[in-house]
Amino acid sequence: MELRVQSAARPGRRRSPGPRAPPAESQLGNRAPGPLQLPRALSITFVRVNDRDLAGKLDLYFDPDLGYRVETLFRGAFLNDSTLGGTFVTRDERGKIVRRGKWNAARTDLSVRARP
């Protein structure tokens, strides 16, 4: 299943942080530069609320765009047999909302191979 983030500010896929150079001092504001972040698996949990709705949580993780740890909560629904969609809210460790948007995930059958 592939997760896509849809938001006016940052459309695209969300992935765990990859190797990244520290930001320039002018970009840090009041944050200190951290070590390079290596890719890692992110833990996400979805719970079916009823026949149609679901809720999910992406455990606390370091967001390289923000420069600190955040937690993301999802709410959504089964849109059809192979697609889920809904909204998300990302909060910092103090609970302040730092990002919100829409998401969707579609099942892809990888067992069907293209013929040469």
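The residue list L58, L84, L66, L110 contains one member that is more than 22 Å from R40 (Cα to Cα) and in contact with a strand residue (DSSP E or B) (Cβ under 9 Å, 6 or more places away or on another chain), which is L84. Restricting the stretch 43-52 to residues that are assigned to a loop (DSSP other than H, G, I, E, B) and either out of contact with any Asp or Glu (no Cβ under 9 Å at 6 or more places or on another chain) or among the basic types (K, R) (or both), the residue that is nearest to R107 (Cα to Cα) is R52.
Within the stretch 53-81, work out how many residues are within 17 Å of A106 (Cβ to Cβ) and at pLDDT 90 or above. Within the stretch 53-81, residues that are within 17 Å of A106 (Cβ to Cβ) and at pLDDT 90 or above number 8.
The values are calculated or read from the model by the stated rules, or taken from the named source; none is laboratory data. Remember, it's a predicted structure, so these values are computed and weren't measured experimentally. Every residue, glycine among them, receives a Cβ derived from its backbone with ideal geometry; neighbour counts consider all protein chains shown.
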